[in-house]
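See below for the structure under consideration.
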Amino acid sequence: MTWEAVMAWFENAPWARMAGALALLAGVALLVQAVAQVLIVRVVRIVVQRTANRWDDALLAHRVFHRAARILPYLVIQFGIAWVPDLAPKAVMVIGNLALATTLLYATLAIAGILDAAQTVYALSEHARTRSIKGYVQLGKIALYVVAAIAIVATIVDRSPWLLLSGLGAMSAVLLLVFKDTIMSFVASVQLTSNDMLRVGDWIEMPQVGADGDVVDIALHTVKVQNWDKTITTIPTWRLISESFRNWRGMQQSGGRRIKRTLFVDAGSVGFLDDAEIERLSKLHLLGAYLMDKQRSLADANAALGTAAGVPANTRRLTNIGTFRAYALAYLKTHPNIHDGMTCMVRSLQPSATGIPIELYCFTNTTVWAEYERVQGDVFDHLLAILPEFGLRMYQNPAGADLLRWQGPRVA
């Protein structure tokens, strides 16, 4: 069959012209996609690998270039379908609308990838620890998907998007119910960020949800906390506004962590110090100056009593528990791991059935958990061990061995 015969056959067969034009259009679209994949995706990947810019790496990681390349063949179909001969106008409209809807879909995915890339780049900056934008990015993506869904549906059904939006007005109550958690979470996210209540890396405590650890992620709907046992607690963002939680950031920024622990002294071991005990305790380098000044002031006060000083009950005397408090305070102030710029005191609390509480209130000069526990343990180990030097005893409930000792040997 000659070329002239083939052309005559095509002229007398409209369906053949239409099929050939559709095949040619599909071939051109596939060729454009292949060229786009090679020139855009592969070339861009090579260029990105040779640059130190964070943005291009993030855009490539979130497949922005891949999705943008997918748009081109559908643009070819959208604008080329009108040139297909003998194709029904209804078919031209349907195919064009489907191509346009697919173009909108990939454009939406590309824009969403740009938002994700912005979040990735921002997460690498110094501001990410104080201000998280992940919630805003997620909200922007939700709004983008809603607008894109309306535009795509309107394109497919060949109706104005405003017509669909007018119909959504009657569904506002349903939409508010569906997006209730999103709206609450967005408001909570704005308040958390604007008031600087929470940052990634903060140590928070929220016992009502079992959270005690570091914040590892702040999203629109949830905040993830990695507890000290390495489990993850997921907290709805709105609960951090409606309920209370403890943030330890202030402690970490201050450079000191508080020690507030009590020693319970047996009330039966409290008494006055005699001269021999005062002389023995004066040899302790932390008490030498204190006892010298205290004896001088007590001697002056007792001398002012005159003849009444002959009765020991009228005189002022040193007690072993008061001297111990002075020693504990001096020990804390000279300890190399106790913060010297923060409150440091040793005080007696109200006596109870468990003895006389002696509370230590001070701050370590480190906020590292393991170091803090070591310092606290060393301080109380020393004070517990030196307590008998003052004639004092720790109070503790009788154990089984104590009861057996009091009972005496068993009689066979």
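The values are calculated or read from the model by the stated rules, or taken from the named source; none is laboratory data. Predicted model only: the values in this text are computed from it and were never measured. Backbone-built Cβ (ideal geometry, glycine too); neighbour counts: all protein chains shown. Quick note on the areas: whole protein, heavy atoms, side chains included, nothing else; ligands and nucleic acids left out. Shrake-Rupley method; radii C 1.70, N 1.55, O 1.52, S 1.80 Å.
For region 283-412, the alpha carbon positions stretch 59, 55, 29 Å along the principal axes, listed from largest to smallest.
Note on region 195-248: with neighbouring protein chains present and a 1.4 Å probe, carbon and sulfur make up 51 percent of its accessible heavy-atom surface.
Note on D378 and L286: the model spin-label points, each 7 Å out from Cα along the C-beta direction, lie 1.3 nm apart. Rounded to whole Å, give me the distance from the Cα center of region 239-259 to that of region 263-336. Going from one Cα centre to the other spans 40 Å. If R0 equals 35 Å, the separation of the Cβ atoms of T366 and A219 corresponds to a calculated FRET efficiency of about 0.60. For region 244-318, the spherically averaged projection of the C-alpha convex hull amounts to 9.7 nm².
May I ask you to derive the FRET efficiency for L349 and V121 from their Cβ-Cβ distance with R0 = 51 Å, giving the value to the nearest 0.05? My answer for the efficiency is 0.40. Here K134 is the anchor, and the lysines within straight C-alpha reach of less than 18 Å, apart from those fewer than 8 places off in the same chain, are K224.
Can you find, among W238, N227, Q208, the residue farthest towards the positive end of the dipole of region 195-248? Put +1 on the C-beta of Lys and Arg, -1 on that of Asp and Glu. Farthest towards the positive end: W238. With all protein chains in place and a 1.4 Å probe, the accessible surface of region 13-159 carries 71 percent carbon and sulfur.
Listed by chain and number, the lysines whose C-alpha is less than 23 Å from the C-alpha of K260, apart from same-chain residues fewer than 8 away, are K333. Just to be sure I understand the curve: with the Debye formula and one point per C-alpha of region 195-248, what is log10 I(q)/I(0) at q = 0.12, 0.14, 0.30 Å⁻¹? Here the Debye-derived log intensity ratios amount to -0.20, -0.28, -1.48.
Converting the Cα gyration tensor eigenvalues of region 13-159 into ellipsoid dimensions via √(5λ) gives semi-axes, longest first, of 38, 21, 5 Å. At full extension, A82 and R316 could sit 73.2 nm farther apart than now, given 0.36 nm per residue minus the alpha carbon distance.
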